[in-house]
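Chemist: Have a look at the structure that comes next, please.
The values are calculated or read from the model by the stated rules, or taken from the named source; none is laboratory data. Worth saying up front: this structure is predicted, and the values here are computed from it rather than measured. All Cβ positions, glycine included, derive from the backbone under ideal geometry; neighbour counts span all protein chains shown.
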Amino acid sequence: MKLTATVLVRVFFALALAPLASPAADAPRLGNRPAPIRSPEVSADRQVTFRLRAPKATEVIVAGQWSTNRIAMVQGTNGVWSVTVGPIDPGVWEYSFAVDGLSMIDPGNPAIKPMREPRTSILHLPGVPPMLHDFQPVPHGVVHAHTYFSKPLQRPRELAVYTPPGYDKSRGTRYPVLYLQHGSGDNQATWVAHGRAHWILDNLIAQGRAKPMIVVMMDGHPAPAGDPLPPGENNSTRFERDLLEAVMPFVEANYRLKPGAAQRALAGLSMGGEQALRIGLNHTDTFAWIAGFSAGAPAADAITAATSDPTGINKRVRLLWVACGRNDFLLKRNEDFIALLKSKDIHHEWHLTEGAHSWPVWRLYLADLAPRLFR
């Protein structure tokens, strides 16, 4: 499936504004079905009302990424629970309901974070003026959804590919490519639907801050949920085979890419950060730009290709970029990784930032990294 630029804008603009609208709110009821619940409802001052119909529940709580507090909802008429919170700062936030201890999405909100086990809804409050991850009136790229057959894994797989504004018209132009990975539990759609990577790139390119590039987003889980892995293999090794043996040839056959390691970047967050740092540092003949966001950073024995040849690594790698938040549970692991790089005199950039292990931090990391690539 391929989304046109027009359809892309409509789909994601609708996704961003879904919490502000109440589709079918005035639609005729069928039989005795109750009227749809409007949730979340956003006021002009960014007060947000959440609602859930749960007549048999004894406790309903809403928990959102904008706060560490869990807020109790109050039951009203017709078994509808509600609460108004805020004002909530602009941003793209995750939230969920807990109904008698069961965590669930908001059934009134069609904006759901893509995950293996979806459990959080999305609340997008655009900034004024717009933030870098907001939809803005600039030229927009296209996100293409592909199903490909992975020979290493012997099964169909899915990936998403972003092409920059003007790609379809610039028939003779070739582009560098960023392979961008999500974290554990997410999938190939998360960097777009929740990370807003496409809008971040659109806005950076429009501002002249980033070079036009193609972005490839894979499913970082090479085995279906619950399936045992073959003896001697793990998630990381199978992902590496899929990337190098299936996805890269597929992308190179279907998109106009500039050749060579200097035109390829590999980055990821959390689990995807481990994948990016380990694979990138073991394949510097393939990737010259490598980055980890709050990564599950690899140990020394996982990157011996780099640690045994620091001079060669420093010649081949244009940028090794690592960032983590002060409140991130993986901070110590990243600090140990940075200490290892320093001990081997491997050139790198280390960014210790505010924040924890969350998407608001990772959007900023992408916005910081993208302008550095392919310069």
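Chemist: Can you give me the number of residues within the stretch 251-274 that are part of a helix (DSSP H, G or I) and surrounded by 18 or more Cβ atoms within 10 Å (Cβ to Cβ)? Please lay out each step first, then the result.
Modeler: From the stretch 251-274, those part of a helix (DSSP H, G or I) are 251-254, 261-263, 271-274; that's our starting set.
Among the residues that remain, those that are also surrounded by 18 or more Cβ atoms within 10 Å (Cβ to Cβ) are: 251, 263, 271-274.
Residues flagged as part of a helix (DSSP H, G or I) and surrounded by 18 or more Cβ atoms within 10 Å (Cβ to Cβ) within the stretch 251-274 amount to 6.
Chemist: Search the stretch 314-360 for residues being of a type in the set (Gly, Ala, Ser) and within 24 Å of LEU132 (Cβ to Cβ), and hand back the single one that is nearest to the chain's Cα centre (by Cα).
Modeler: If we take residues in the stretch 314-360 being of a type in the set (Gly, Ala, Ser) and within 24 Å of LEU132 (Cβ to Cβ), then SER358 is nearest to the chain's Cα centre (by Cα).
Chemist: Considering only residues that are hydrophobic (A, V, I, L, M, F, W, C) and farther than 22 Å from ASP227 by Cβ, look in the stretch 128-157 and name the one that is surrounded by the fewest Cβ atoms within 10 Å (Cβ to Cβ).
Modeler: VAL128
Chemist: While we're on this one: Out of the residues in the stretch 335-375 that are aliphatic (A, V, I, L, M) and in contact with a helix residue (DSSP H, G or I) (Cβ under 9 Å, 6 or more places away or on another chain), which is nearest to HIS182 (Cα to Cα)?
Modeler: LEU366
Chemist: Within the stretch 311-326, can you find the residues that are surrounded by fewer than 16 Cβ atoms within 10 Å (Cβ to Cβ), out of contact with any Asp or Glu (no Cβ under 9 Å at 6 or more places or on another chain) and not charged (D, E, K, R)?
Modeler: Correct list: GLY312 only.
Chemist: On the basis of being surrounded by fewer than 23 Cβ atoms within 10 Å (Cβ to Cβ), modelled with pLDDT under 95 and part of a helix (DSSP H, G or I), does ASP368 make the cut?
Modeler: Criteria not met by ASP368.
Chemist: Look at VAL80 and say whether it is assigned by TED's automatic domain parsing to the domain that holds LYS113, within 30 Å of the chain's Cα centre (by Cα), farther than 30 Å from TYR148 by Cα and at pLDDT 50 or above.
Modeler: No, not satisfied.
Chemist: Return only the number of the condition from (1) at pLDDT below 95; (2) touching a strand residue (DSSP E or B) at 6+ places or on another chain (Cβ under 8 Å) that ILE61 does not satisfy.
Modeler: (1)
Chemist: If you take the residues in the stretch 296-353 that are among the small types (Gly, Ala, Ser) and part of a strand (DSSP E or B), which one is farthest from GLU274 (Cα to Cα)?
Modeler: GLY325
Chemist: In addition: Any idea which of ALA24, ALA44 is at pLDDT below 85 and of a type in the set (A, V, I, L, M)?
Modeler: Every option except ALA24 fails the conditions.
Chemist: A follow-up question, please. Scan the stretch 177-207 residue by residue and report those that are at negative phi and in a loop (DSSP other than H, G, I, E, B).
Modeler: Result: HIS182, GLY183, SER184, ASN187, GLN188, ALA189, HIS194, GLY195, GLN207.
Chemist: Between a residue in the stretch 118-136 that is farther than 10 Å from SER96 by Cα and any residue that is among the basic types (Lys, Arg), which pairs come within a Cβ distance under 6 Å, given they are 6 or more apart or on different chains?
Modeler: Close Cβ pairs (under 6 Å, with a partner that is among the basic types (Lys, Arg)) amount to LEU125/ARG46; HIS133/ARG196; HIS133/ARG363.
Chemist: Is it the case that LYS315 is under 25 Å from LEU257 (Cα atoms) and at pLDDT 95 or above?
Modeler: Details: under 25 Å from LEU257 (Cα atoms): yes; at pLDDT 95 or above: yes.
When the stated conditions are applied, LYS315 passes them.
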